[in-house]
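Note sheet for the following structure.
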Amino acid sequence: MSLVDRAGAGVLGLFEFTGAVASFGARAVGEAVRPPYEPREILRHVYEFGYRSAPLMLASGFAIGVVLSMHTRASLERFGAEAMIPAGLAIALIRETGPLVAGLLVAGRVGAGIGAEIGAMKVTEQIDALEANAVDAFKYLGVTRILALMIAMPLLTIMMDFAGILGGYAAEAAVSGMSWQQYFERSFTYITYADLVPATLKTVVFGFLIAVVSSYLGFTTSRGTEGVGEASTRSVVMSSMLIILSDVLLVKLIFFFYPQVSG
Amino acid sequence: MSAVRFDHVCKAFGTQTVLDDISFEVPAGRAFCLLGRSGTGKSVTLRHIVGLVRPDSGQVFVADKDITGLTGRELASVRKQMGFLFQNAALFDSMSVGDNVAFPMRRHTDWSDGDIRARAAQKLADVGLEQEFDKMPADLSGGMKKRAGLARAMALDPSILLVDEPSAGLDPITAGEIDDLLVTTKQSGTTLVVVTHNIPSARVIGDEFGLLHAGRLLATGTIEALDASGEPMVQAFMRSHGGG
(Lines give C-alpha, C1' and ligand atoms only; values in the text may rest on other atoms or scores of the structure.)
Protein backbone atom coordinates (compact mmCIF):
# COMPACT_ATOMS: atom_id res chain seq x y z
CA MET A 1 0.00 0.00 0.00
CA SER A 2 1.42 3.37 -1.00
CA LEU A 3 1.86 6.29 1.39
CA VAL A 4 -1.06 8.12 -0.27
CA ASP A 5 -3.30 5.04 0.09
CA ARG A 6 -2.36 4.71 3.74
CA ALA A 7 -3.00 8.40 4.40
CA GLY A 8 -6.34 8.12 2.62
CA ALA A 9 -7.29 5.05 4.64
CA GLY A 10 -6.32 6.90 7.81
CA VAL A 11 -8.51 9.88 6.95
CA LEU A 12 -11.43 7.61 6.04
CA GLY A 13 -10.95 5.72 9.30
CA LEU A 14 -11.03 9.00 11.22
CA PHE A 15 -14.26 10.03 9.47
CA GLU A 16 -15.76 6.62 10.17
CA PHE A 17 -14.79 6.82 13.86
CA THR A 18 -16.11 10.39 14.16
CA GLY A 19 -19.39 9.40 12.53
CA ALA A 20 -19.78 6.35 14.72
CA VAL A 21 -19.07 8.31 17.92
CA ALA A 22 -21.44 11.10 16.83
CA SER A 23 -24.15 8.56 16.12
CA PHE A 24 -23.51 6.91 19.51
CA GLY A 25 -23.75 10.31 21.23
CA ALA A 26 -26.95 11.23 19.40
CA ARG A 27 -28.49 7.89 20.37
CA ALA A 28 -27.48 8.54 23.99
CA VAL A 29 -29.21 11.94 23.95
CA GLY A 30 -32.36 10.33 22.54
CA GLU A 31 -32.30 7.51 25.10
CA ALA A 32 -31.65 9.90 28.01
CA VAL A 33 -35.10 11.45 27.68
CA ARG A 34 -36.94 8.12 27.48
CA PRO A 35 -37.88 6.01 30.51
CA PRO A 36 -36.60 4.13 32.42
CA TYR A 37 -34.36 6.90 33.76
CA GLU A 38 -32.13 4.74 35.98
CA PRO A 39 -31.68 7.35 38.76
CA ARG A 40 -29.95 4.88 41.11
CA GLU A 41 -27.33 4.02 38.53
CA ILE A 42 -26.78 7.69 37.68
CA LEU A 43 -26.31 8.58 41.36
CA ARG A 44 -23.96 5.64 41.84
CA HIS A 45 -21.81 6.86 38.95
CA VAL A 46 -21.90 10.48 40.16
CA TYR A 47 -20.47 9.14 43.42
CA GLU A 48 -17.89 7.00 41.59
CA PHE A 49 -16.79 9.71 39.19
CA GLY A 50 -17.30 12.76 41.39
CA TYR A 51 -16.60 11.87 44.98
CA ARG A 52 -13.75 9.51 44.17
CA SER A 53 -12.12 12.06 41.84
CA ALA A 54 -12.35 14.82 44.43
CA PRO A 55 -8.97 14.15 46.12
CA LEU A 56 -7.24 14.24 42.72
CA MET A 57 -8.98 17.51 41.85
CA LEU A 58 -8.17 19.12 45.18
CA ALA A 59 -4.52 18.07 45.18
CA SER A 60 -3.97 19.01 41.53
CA GLY A 61 -5.85 22.27 41.89
CA PHE A 62 -3.81 23.23 44.94
CA ALA A 63 -0.52 22.44 43.18
CA ILE A 64 -1.58 24.35 40.06
CA GLY A 65 -2.56 27.32 42.24
CA VAL A 66 0.88 27.33 43.87
CA VAL A 67 2.71 27.10 40.55
CA LEU A 68 0.53 29.70 38.84
CA SER A 69 1.01 32.03 41.77
CA MET A 70 4.80 31.68 41.58
CA HIS A 71 4.80 32.35 37.81
CA THR A 72 2.36 35.24 38.11
CA ARG A 73 4.46 36.82 40.87
CA ALA A 74 7.62 36.49 38.78
CA SER A 75 5.91 38.30 35.87
CA LEU A 76 3.99 40.97 37.75
CA GLU A 77 6.87 41.87 40.08
CA ARG A 78 8.66 43.40 37.09
CA PHE A 79 5.85 45.89 36.72
CA GLY A 80 5.33 46.47 40.44
CA ALA A 81 1.85 44.95 40.12
CA GLU A 82 2.07 42.25 42.85
CA ALA A 83 -1.29 43.40 44.18
CA MET A 84 -2.88 41.97 41.01
CA ILE A 85 -1.58 38.45 41.66
CA PRO A 86 -4.76 37.14 43.35
CA ALA A 87 -7.07 38.58 40.68
CA GLY A 88 -4.86 37.43 37.79
CA LEU A 89 -4.62 33.95 39.21
CA ALA A 90 -8.35 33.70 39.93
CA ILE A 91 -9.25 34.84 36.41
CA ALA A 92 -6.81 32.38 34.83
CA LEU A 93 -8.05 29.54 36.99
CA ILE A 94 -11.77 30.13 36.73
CA ARG A 95 -11.94 31.03 33.04
CA GLU A 96 -9.64 28.44 31.57
CA THR A 97 -7.05 26.56 33.61
CA GLY A 98 -9.51 25.02 36.07
CA PRO A 99 -12.05 23.72 33.54
CA LEU A 100 -9.43 22.51 31.06
CA VAL A 101 -7.19 20.76 33.58
CA ALA A 102 -10.23 19.25 35.33
CA GLY A 103 -11.41 17.94 31.95
CA LEU A 104 -8.03 16.42 31.13
CA LEU A 105 -7.65 14.85 34.57
CA VAL A 106 -11.14 13.36 34.39
CA ALA A 107 -10.39 12.07 30.89
CA GLY A 108 -7.39 10.26 32.40
CA ARG A 109 -9.03 8.94 35.52
CA VAL A 110 -12.68 8.41 34.58
CA GLY A 111 -12.43 8.05 30.78
CA ALA A 112 -9.88 5.26 31.08
CA GLY A 113 -12.06 3.60 33.73
CA ILE A 114 -15.21 3.74 31.62
CA GLY A 115 -13.43 2.37 28.55
CA ALA A 116 -11.82 -0.45 30.52
CA GLU A 117 -14.90 -1.35 32.58
CA ILE A 118 -17.36 -1.50 29.70
CA GLY A 119 -14.71 -3.15 27.51
CA ALA A 120 -14.11 -5.84 30.14
CA MET A 121 -17.86 -6.39 30.45
CA LYS A 122 -18.04 -6.79 26.68
CA VAL A 123 -15.32 -9.41 26.42
CA THR A 124 -16.60 -11.38 29.43
CA GLU A 125 -20.17 -11.51 28.02
CA GLN A 126 -21.55 -9.38 30.88
CA ILE A 127 -23.14 -7.02 28.36
CA ASP A 128 -24.80 -9.99 26.68
CA ALA A 129 -25.92 -11.15 30.12
CA LEU A 130 -27.54 -7.75 30.72
CA GLU A 131 -29.36 -7.97 27.39
CA ALA A 132 -30.39 -11.56 28.07
CA ASN A 133 -31.84 -10.30 31.35
CA ALA A 134 -34.04 -7.92 29.35
CA VAL A 135 -31.99 -4.86 30.31
CA ASP A 136 -31.01 -2.28 27.70
CA ALA A 137 -27.21 -2.40 28.14
CA PHE A 138 -26.67 0.77 26.12
CA LYS A 139 -28.87 2.72 28.47
CA TYR A 140 -27.89 0.95 31.68
CA LEU A 141 -24.13 1.17 31.10
CA GLY A 142 -23.68 4.01 28.62
CA VAL A 143 -26.38 6.64 29.12
CA THR A 144 -26.16 6.51 32.91
CA ARG A 145 -22.41 7.12 32.80
CA ILE A 146 -22.79 9.94 30.29
CA LEU A 147 -25.39 11.74 32.42
CA ALA A 148 -23.42 11.14 35.62
CA LEU A 149 -20.24 12.61 34.19
CA MET A 150 -22.16 15.61 32.84
CA ILE A 151 -23.36 16.22 36.41
CA ALA A 152 -20.01 15.53 38.09
CA MET A 153 -17.77 17.60 35.79
CA PRO A 154 -18.90 21.11 36.83
CA LEU A 155 -18.79 20.11 40.50
CA LEU A 156 -15.24 18.82 40.11
CA THR A 157 -14.27 21.98 38.24
CA ILE A 158 -15.54 24.19 41.06
CA MET A 159 -13.49 22.06 43.46
CA MET A 160 -10.41 22.52 41.31
CA ASP A 161 -10.97 26.30 41.07
CA PHE A 162 -11.38 26.54 44.83
CA ALA A 163 -8.31 24.40 45.53
CA GLY A 164 -6.32 26.47 43.01
CA ILE A 165 -7.22 29.71 44.74
CA LEU A 166 -6.27 28.13 48.08
CA GLY A 167 -2.94 27.01 46.58
CA GLY A 168 -2.37 30.52 45.23
CA TYR A 169 -3.07 31.94 48.65
CA ALA A 170 -0.68 29.50 50.32
CA ALA A 171 2.12 30.49 47.93
CA GLU A 172 1.39 34.17 48.28
CA ALA A 173 1.08 34.01 52.07
CA ALA A 174 4.45 32.26 52.25
CA VAL A 175 6.14 35.02 50.24
CA SER A 176 4.32 38.21 51.21
CA GLY A 177 2.39 37.22 54.34
CA MET A 178 -0.89 38.40 52.78
CA SER A 179 -3.96 37.57 54.89
CA TRP A 180 -6.63 35.18 53.61
CA GLN A 181 -9.31 37.88 53.79
CA GLN A 182 -7.23 40.30 51.69
CA TYR A 183 -6.29 37.60 49.20
CA PHE A 184 -9.90 36.49 48.82
CA GLU A 185 -11.18 40.05 48.30
CA ARG A 186 -8.51 40.77 45.69
CA SER A 187 -9.16 37.44 43.95
CA PHE A 188 -12.80 38.19 43.32
CA THR A 189 -12.51 41.91 42.56
CA TYR A 190 -12.66 41.33 38.82
CA ILE A 191 -14.56 38.04 38.73
CA THR A 192 -18.19 38.14 37.62
CA TYR A 193 -20.82 35.49 37.00
CA ALA A 194 -20.00 35.81 33.30
CA ASP A 195 -16.51 34.52 34.10
CA LEU A 196 -17.61 31.72 36.39
CA VAL A 197 -20.86 30.31 34.99
CA PRO A 198 -20.12 29.74 31.26
CA ALA A 199 -16.58 28.51 31.94
CA THR A 200 -17.83 26.03 34.53
CA LEU A 201 -20.81 24.92 32.47
CA LYS A 202 -18.65 24.20 29.43
CA THR A 203 -17.29 21.27 31.40
CA VAL A 204 -20.74 19.67 31.01
CA VAL A 205 -19.74 19.34 27.34
CA PHE A 206 -16.36 17.92 28.38
CA GLY A 207 -18.15 15.36 30.56
CA PHE A 208 -20.42 14.41 27.66
CA LEU A 209 -17.48 14.00 25.27
CA ILE A 210 -15.36 11.95 27.68
CA ALA A 211 -18.21 9.60 28.57
CA VAL A 212 -19.49 9.20 25.00
CA VAL A 213 -16.05 8.43 23.53
CA SER A 214 -15.07 6.11 26.38
CA SER A 215 -18.40 4.27 26.40
CA TYR A 216 -18.28 3.88 22.61
CA LEU A 217 -14.78 2.43 22.77
CA GLY A 218 -15.85 0.12 25.60
CA PHE A 219 -18.89 -1.14 23.72
CA THR A 220 -16.85 -1.78 20.57
CA THR A 221 -14.03 -3.61 22.36
CA SER A 222 -12.86 -6.85 20.82
CA ARG A 223 -9.78 -9.09 21.07
CA GLY A 224 -9.99 -9.90 24.79
CA THR A 225 -7.77 -8.27 27.40
CA GLU A 226 -5.59 -6.64 24.75
CA GLY A 227 -8.69 -4.93 23.38
CA VAL A 228 -9.67 -3.78 26.89
CA GLY A 229 -6.28 -2.15 27.38
CA GLU A 230 -6.54 -0.51 23.98
CA ALA A 231 -10.05 0.78 24.73
CA SER A 232 -8.78 2.29 27.96
CA THR A 233 -5.79 3.99 26.34
CA ARG A 234 -7.74 5.24 23.34
CA SER A 235 -10.45 6.59 25.65
CA VAL A 236 -7.89 8.85 27.32
CA VAL A 237 -6.22 9.92 24.07
CA MET A 238 -9.40 10.56 22.09
CA SER A 239 -11.30 12.31 24.87
CA SER A 240 -8.30 14.50 25.76
CA MET A 241 -8.01 15.53 22.11
CA LEU A 242 -11.72 16.24 21.89
CA ILE A 243 -11.63 18.30 25.09
CA ILE A 244 -8.85 20.50 23.73
CA LEU A 245 -10.49 20.88 20.31
CA SER A 246 -13.95 21.55 21.71
CA ASP A 247 -12.48 24.05 24.18
CA VAL A 248 -11.46 26.27 21.26
CA LEU A 249 -15.04 26.30 19.96
CA LEU A 250 -16.56 26.73 23.41
CA VAL A 251 -14.31 29.69 24.28
CA LYS A 252 -15.31 31.30 20.98
CA LEU A 253 -18.96 30.72 21.84
CA ILE A 254 -18.51 32.16 25.33
CA PHE A 255 -16.85 35.26 23.84
CA PHE A 256 -19.77 35.59 21.43
CA PHE A 257 -22.48 35.36 24.08
CA TYR A 258 -20.52 37.13 26.85
CA PRO A 259 -18.39 39.78 25.07
CA GLN A 260 -17.36 41.29 28.41
CA VAL A 261 -15.37 38.10 29.16
CA SER A 262 -13.06 38.68 26.20
CA GLY A 263 -12.30 42.24 27.36
CA MET B 1 -46.94 -26.15 21.98
CA SER B 2 -43.32 -25.62 21.02
CA ALA B 3 -41.14 -23.61 23.37
CA VAL B 4 -38.51 -22.91 20.72
CA ARG B 5 -38.64 -23.37 16.95
CA PHE B 6 -36.06 -22.65 14.28
CA ASP B 7 -37.38 -22.38 10.75
CA HIS B 8 -34.71 -22.50 8.00
CA VAL B 9 -32.34 -20.20 9.88
CA CYS B 10 -29.17 -19.08 8.14
CA LYS B 11 -26.43 -16.96 9.65
CA ALA B 12 -23.04 -15.86 8.36
CA PHE B 13 -20.37 -13.63 9.86
CA GLY B 14 -18.61 -12.00 6.92
CA THR B 15 -17.82 -14.77 4.48
CA GLN B 16 -18.07 -17.52 7.10
CA THR B 17 -21.39 -19.34 7.15
CA VAL B 18 -22.12 -20.39 10.73
CA LEU B 19 -25.67 -21.70 10.44
CA ASP B 20 -26.90 -23.12 7.17
CA ASP B 21 -30.66 -23.75 6.91
CA ILE B 22 -31.22 -24.90 10.48
CA SER B 23 -34.69 -26.11 11.49
CA PHE B 24 -35.68 -27.82 14.73
CA GLU B 25 -38.34 -27.65 17.38
CA VAL B 26 -38.21 -28.01 21.17
CA PRO B 27 -41.54 -28.98 22.77
CA ALA B 28 -42.43 -27.17 26.00
CA GLY B 29 -41.16 -28.90 29.14
CA ARG B 30 -38.55 -30.99 27.31
CA ALA B 31 -34.75 -30.81 27.39
CA PHE B 32 -33.10 -30.36 24.00
CA CYS B 33 -29.33 -30.86 23.82
CA LEU B 34 -27.53 -29.38 20.88
CA LEU B 35 -24.35 -31.35 20.36
CA GLY B 36 -21.35 -30.71 18.20
CA ARG B 37 -17.66 -29.97 18.13
CA SER B 38 -16.30 -26.60 19.18
CA GLY B 39 -16.84 -23.84 16.63
CA THR B 40 -19.77 -25.46 14.84
CA GLY B 41 -22.31 -22.74 15.67
CA LYS B 42 -23.92 -24.16 18.82
CA SER B 43 -23.55 -20.99 20.91
CA VAL B 44 -24.68 -18.85 17.96
CA THR B 45 -27.82 -20.98 17.79
CA LEU B 46 -28.45 -20.36 21.50
CA ARG B 47 -27.92 -16.61 21.06
CA HIS B 48 -30.57 -16.55 18.34
CA ILE B 49 -33.15 -17.81 20.83
CA VAL B 50 -32.59 -14.89 23.18
CA GLY B 51 -32.30 -12.34 20.37
CA LEU B 52 -28.60 -11.55 20.91
CA VAL B 53 -28.00 -12.56 17.29
CA ARG B 54 -30.44 -12.17 14.41
CA PRO B 55 -30.69 -14.60 11.53
CA ASP B 56 -29.78 -13.47 8.02
CA SER B 57 -32.77 -15.47 6.82
CA GLY B 58 -35.32 -17.80 8.36
CA GLN B 59 -37.31 -17.34 11.55
CA VAL B 60 -36.92 -18.04 15.26
CA PHE B 61 -40.04 -18.68 17.35
CA VAL B 62 -40.23 -18.59 21.15
CA ALA B 63 -43.47 -19.88 22.65
CA ASP B 64 -44.88 -19.81 19.10
CA LYS B 65 -44.09 -16.10 18.74
CA ASP B 66 -41.83 -15.00 15.91
CA ILE B 67 -39.02 -13.04 17.62
CA THR B 68 -36.92 -12.56 14.49
CA GLY B 69 -37.72 -8.90 14.01
CA LEU B 70 -38.51 -7.92 17.59
CA THR B 71 -36.69 -5.03 19.24
CA GLY B 72 -36.93 -2.92 22.39
CA ARG B 73 -39.74 -3.66 24.82
CA GLU B 74 -41.26 -6.47 22.75
CA LEU B 75 -37.96 -8.33 22.73
CA ALA B 76 -37.42 -7.55 26.42
CA SER B 77 -40.79 -9.05 27.25
CA VAL B 78 -39.82 -12.30 25.46
CA ARG B 79 -36.44 -12.32 27.21
CA LYS B 80 -38.13 -12.13 30.61
CA GLN B 81 -39.55 -15.61 29.95
CA MET B 82 -36.05 -17.00 29.56
CA GLY B 83 -32.98 -17.59 31.67
CA PHE B 84 -29.51 -17.82 30.12
CA LEU B 85 -26.55 -19.55 31.71
CA PHE B 86 -23.46 -18.38 29.85
CA GLN B 87 -20.44 -20.60 29.32
CA ASN B 88 -18.33 -18.54 31.76
CA ALA B 89 -21.39 -17.63 33.86
CA ALA B 90 -20.93 -13.91 32.94
CA LEU B 91 -21.66 -12.80 36.50
CA PHE B 92 -21.61 -9.02 36.92
CA ASP B 93 -18.24 -8.59 38.63
CA SER B 94 -19.11 -5.25 40.24
CA MET B 95 -21.93 -6.89 42.24
CA SER B 96 -21.92 -9.50 45.00
CA VAL B 97 -23.16 -12.99 44.17
CA GLY B 98 -26.43 -12.25 45.97
CA ASP B 99 -26.93 -9.02 44.07
CA ASN B 100 -26.27 -10.86 40.81
CA VAL B 101 -29.11 -13.24 41.59
CA ALA B 102 -31.31 -10.41 42.86
CA PHE B 103 -30.62 -8.30 39.75
CA PRO B 104 -33.38 -9.69 37.48
CA MET B 105 -35.87 -9.44 40.36
CA ARG B 106 -34.92 -5.81 41.07
CA ARG B 107 -35.29 -4.97 37.39
CA HIS B 108 -38.51 -6.75 36.58
CA THR B 109 -40.59 -7.08 39.71
CA ASP B 110 -42.08 -4.71 42.27
CA TRP B 111 -41.18 -6.99 45.18
CA SER B 112 -39.83 -5.33 48.33
CA ASP B 113 -36.08 -5.36 48.88
CA GLY B 114 -36.47 -7.76 51.81
CA ASP B 115 -38.51 -10.10 49.64
CA ILE B 116 -35.95 -9.96 46.86
CA ARG B 117 -33.07 -10.71 49.24
CA ALA B 118 -34.97 -13.67 50.68
CA ARG B 119 -35.80 -15.04 47.24
CA ALA B 120 -32.22 -14.54 46.01
CA ALA B 121 -30.93 -16.34 49.10
CA GLN B 122 -33.34 -19.21 48.37
CA LYS B 123 -32.18 -19.42 44.74
CA LEU B 124 -28.58 -19.58 45.95
CA ALA B 125 -29.52 -22.25 48.48
CA ASP B 126 -31.11 -24.26 45.65
CA VAL B 127 -27.70 -24.46 43.98
CA GLY B 128 -25.81 -24.99 47.25
CA LEU B 129 -24.36 -21.50 47.53
CA GLU B 130 -26.27 -20.15 50.52
CA GLN B 131 -23.01 -19.17 52.26
CA GLU B 132 -21.74 -17.14 49.29
CA PHE B 133 -24.43 -14.42 49.16
CA ASP B 134 -22.08 -11.56 50.04
CA LYS B 135 -19.00 -12.82 48.20
CA MET B 136 -17.84 -11.21 44.96
CA PRO B 137 -17.77 -13.32 41.78
CA ALA B 138 -13.96 -13.09 41.67
CA ASP B 139 -13.85 -15.00 44.97
CA LEU B 140 -15.71 -18.04 43.54
CA SER B 141 -14.32 -21.12 41.82
CA GLY B 142 -15.36 -21.96 38.24
CA GLY B 143 -17.98 -24.46 39.39
CA MET B 144 -19.39 -22.05 41.98
CA LYS B 145 -19.61 -19.30 39.35
CA LYS B 146 -21.56 -21.62 37.12
CA ARG B 147 -23.95 -22.51 39.92
CA ALA B 148 -24.37 -18.81 40.77
CA GLY B 149 -25.01 -18.14 37.08
CA LEU B 150 -27.66 -20.86 37.14
CA ALA B 151 -29.26 -19.30 40.22
CA ARG B 152 -29.38 -15.93 38.40
CA ALA B 153 -30.77 -17.54 35.25
CA MET B 154 -33.51 -19.14 37.38
CA ALA B 155 -34.20 -15.98 39.41
CA LEU B 156 -37.55 -15.25 37.76
CA ASP B 157 -38.51 -18.93 37.34
CA PRO B 158 -38.29 -18.74 33.54
CA SER B 159 -40.27 -21.11 31.37
CA ILE B 160 -37.23 -21.64 29.13
CA LEU B 161 -33.64 -22.07 30.32
CA LEU B 162 -30.79 -21.72 27.84
CA VAL B 163 -27.50 -23.27 28.92
CA ASP B 164 -24.18 -22.84 27.13
CA GLU B 165 -21.66 -25.61 27.82
CA PRO B 166 -22.66 -26.44 31.40
CA SER B 167 -19.71 -28.73 32.09
CA ALA B 168 -16.96 -26.93 30.16
CA GLY B 169 -13.84 -26.43 32.26
CA LEU B 170 -15.25 -28.24 35.29
CA ASP B 171 -14.02 -31.36 37.05
CA PRO B 172 -16.26 -34.45 36.58
CA ILE B 173 -17.81 -34.20 40.06
CA THR B 174 -18.72 -30.53 39.75
CA ALA B 175 -19.95 -31.13 36.19
CA GLY B 176 -22.14 -33.94 37.56
CA GLU B 177 -23.57 -31.58 40.19
CA ILE B 178 -24.46 -29.03 37.51
CA ASP B 179 -26.09 -31.79 35.43
CA ASP B 180 -28.16 -32.84 38.45
CA LEU B 181 -29.28 -29.24 38.98
CA LEU B 182 -30.37 -29.03 35.34
CA VAL B 183 -32.29 -32.29 35.62
CA THR B 184 -34.05 -30.95 38.73
CA THR B 185 -34.87 -27.77 36.80
CA LYS B 186 -36.30 -29.81 33.93
CA GLN B 187 -38.41 -31.83 36.34
CA SER B 188 -39.97 -28.59 37.59
CA GLY B 189 -41.41 -28.08 34.09
CA THR B 190 -38.82 -25.71 32.62
CA THR B 191 -37.87 -26.20 28.98
CA LEU B 192 -34.11 -26.64 28.60
CA VAL B 193 -32.00 -25.90 25.56
CA VAL B 194 -28.49 -27.06 26.37
CA VAL B 195 -25.48 -26.60 24.16
CA THR B 196 -22.71 -29.07 24.89
CA HIS B 197 -20.02 -31.24 23.38
CA ASN B 198 -20.07 -33.50 26.40
CA ILE B 199 -22.07 -36.60 25.43
CA PRO B 200 -22.18 -38.23 28.90
CA SER B 201 -23.56 -34.97 30.33
CA ALA B 202 -26.09 -34.70 27.48
CA ARG B 203 -27.27 -38.26 28.10
CA VAL B 204 -28.11 -37.30 31.69
CA ILE B 205 -29.89 -34.04 30.86
CA GLY B 206 -31.47 -34.44 27.42
CA ASP B 207 -34.75 -35.79 26.06
CA GLU B 208 -34.17 -34.68 22.47
CA PHE B 209 -30.89 -34.13 20.70
CA GLY B 210 -29.49 -32.44 17.65
CA LEU B 211 -26.01 -32.69 16.22
CA LEU B 212 -24.60 -29.62 14.54
CA HIS B 213 -21.63 -29.88 12.20
CA ALA B 214 -20.19 -27.19 9.95
CA GLY B 215 -23.33 -25.09 10.34
CA ARG B 216 -25.74 -27.89 9.40
CA LEU B 217 -27.96 -29.96 11.64
CA LEU B 218 -26.87 -33.49 10.72
CA ALA B 219 -29.29 -35.39 12.96
CA THR B 220 -32.10 -34.81 15.44
CA GLY B 221 -34.05 -37.17 17.70
CA THR B 222 -33.57 -39.24 20.83
CA ILE B 223 -30.13 -40.37 21.98
CA GLU B 224 -30.94 -43.86 20.69
CA ALA B 225 -31.70 -42.42 17.26
CA LEU B 226 -28.39 -40.58 17.20
CA ASP B 227 -26.53 -43.67 18.41
CA ALA B 228 -28.14 -45.64 15.56
CA SER B 229 -27.57 -42.96 12.94
CA GLY B 230 -25.95 -44.04 9.67
CA GLU B 231 -24.39 -40.62 9.18
CA PRO B 232 -20.60 -41.13 9.50
CA MET B 233 -19.98 -37.84 11.30
CA VAL B 234 -22.76 -38.58 13.83
CA GLN B 235 -21.36 -42.08 14.41
CA ALA B 236 -17.85 -40.72 14.83
CA PHE B 237 -19.00 -38.04 17.26
CA MET B 238 -21.16 -40.35 19.38
CA ARG B 239 -18.46 -43.05 19.48
CA SER B 240 -15.62 -40.66 20.30
CA HIS B 241 -17.57 -39.22 23.23
CA GLY B 242 -18.63 -42.41 24.93
CA GLY B 243 -21.74 -43.13 22.91
CA GLY B 244 -23.24 -46.50 22.27
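So the values come out like this:
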read-out: B:PHE32, sole failed condition from (1) within 14 Å of another protein chain (Cβ to nearest Cβ); (2) closer than 27 Å to B:MET233 by Cβ; value: (1)
read-out: Elements of type helices (runs of 4 or more DSSP H) contained in the range A:56-125, each with 2 or more residues being touching a residue at least 12 places away in the same chain (Cβ under 8 Å), within 14 Å of chain B (Cβ to nearest Cβ) and not aromatic (Phe, Trp, Tyr); value: A:112-123
read-out: Extreme residue, nearest to the chain's Cα centre (by Cα), among residues of the range B:116-128 that are open to solvent by 40 Å² or more (accessible area, probe 1.4 Å) and within 13 Å of B:PRO104 (Cα to Cα); value: B:ARG119
read-out: Test result for A:ARG145, farther than 19 Å from B:ASN100 by Cα and within 14 Å of another protein chain (Cβ to nearest Cβ); value: yes
read-out: Residues within the range B:99-115 that are surrounded by 14 or more Cβ atoms within 10 Å (Cβ to Cβ) and more than 13 Å from chain A (Cβ to nearest Cβ), tallied; value: 1
read-out: Condition broken by B:GLU25, with the remaining ones in (1) free of Cβ contacts under 8 Å to residues at least 60 places away in the same chain; (2) within 14 Å of chain A (Cβ to nearest Cβ); (3) open to solvent by 10 Å² or more (accessible area, probe 1.4 Å) satisfied; value: (2)
read-out: Filtered residues of the range B:36-59 (kept if over 14 Å from the mean Cα position of the chain (by Cα) and within 14 Å of chain A (Cβ to nearest Cβ)); value: B:VAL53, B:ARG54
read-out: Condition met for A:VAL67 (surrounded by fewer than 17 Cβ atoms within 10 Å (Cβ to Cβ) and either under 17 Å from the mean Cα position of the chain (by Cα) or not small (Gly, Ala, Ser) (or both)); value: yes
read-out: Flag for B:ALA151 being aliphatic (A, V, I, L, M) and either surrounded by fewer than 22 Cβ atoms within 10 Å (Cβ to Cβ) or within 26 Å of B:MET233 (Cα to Cα) (or both); value: no
read-out: Count - residues of the range B:192-234 that are in contact (Cβ under 8 Å) with a residue 24 or more places away in the chain, more than 15 Å from B:THR45 (Cβ to Cβ), β-branched (Val, Ile, Thr) and crowded, with 19+ Cβ neighbours inside 10 Å; value: 2
read-out: Breaking point among (1) under 25 Å from A:GLU41 (Cα atoms); (2) surrounded by 15 or more Cβ atoms within 10 Å (Cβ to Cβ); (3) aliphatic (A, V, I, L, M), for B:LEU182; value: (1)
read-out: Those residues of the range A:161-220 which are more than 22 Å from A:ALA148 (Cα to Cα) and among the β-branched types (Val, Ile, Thr), in sequence order; value: A:ILE165, A:VAL175, A:THR189, A:ILE191, A:THR192
read-out: Failed item, numbered, when B:LYS65 is tested on (1) in contact (Cβ under 8 Å) with a residue 60 or more places away in the chain; (2) more than 11 Å from chain A (Cβ to nearest Cβ); (3) among the charged types (D, E, K, R); value: (1)
read-out: Scope the range B:76-98; condition surrounded by 17 or more Cβ atoms within 10 Å (Cβ to Cβ) and free of Cβ contacts under 8 Å to residues at least 40 places away in the same chain; matching residues; value: B:ALA76, B:VAL78, B:ARG79, B:GLY98
read-out: Residues (at pLDDT 90 or above and either under 13 Å from A:LYS122 (Cβ atoms) or open to solvent by less than 80 Å² (accessible area, probe 1.4 Å) (or both)) located in the range A:238-262; value: A:MET238, A:SER239, A:SER240, A:LEU242, A:ILE243, A:SER246, A:ASP247, A:LEU250, A:VAL251, A:ILE254
read-out: Hits in the range A:21-55 (condition: touching a residue at least 24 places away in the same chain (Cβ under 8 Å), of a type in the set (Ser, Thr, Tyr) and surrounded by fewer than 19 Cβ atoms within 10 Å (Cβ to Cβ)); value: none
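Residues are listed down the side, and each one gets a yes or a no for (1) surrounded by fewer than 21 Cβ atoms within 10 Å (Cβ to Cβ); (2) hydrophobic (A, V, I, L, M, F, W, C); (3) more than 28 Å from the chain's Cα centre (by Cα); (4) modelled with pLDDT of 95 or more:
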position	(1), (2), (3), (4)
A:GLY98	no, no, no, yes
A:ALA107	no, yes, no, yes
A:ALA132	no, yes, yes, yes
A:VAL143	no, yes, no, yes
A:ALA148	no, yes, no, yes
A:LEU155	yes, yes, no, yes
A:ALA170	yes, yes, no, yes
A:GLN181	yes, no, yes, no
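The values are calculated or read from the model by the stated rules, or taken from the named source; none is laboratory data. Nothing here was measured: the structure is a model prediction, and the numbers come from that model. Glycine also receives a Cβ, built like all others from the backbone with ideal geometry; neighbour counts cover every protein chain displayed. Accessible surface areas use protein heavy atoms only, side chains included; no ligands, DNA or RNA. Shrake-Rupley method; radii C 1.70, N 1.55, O 1.52, S 1.80 Å.
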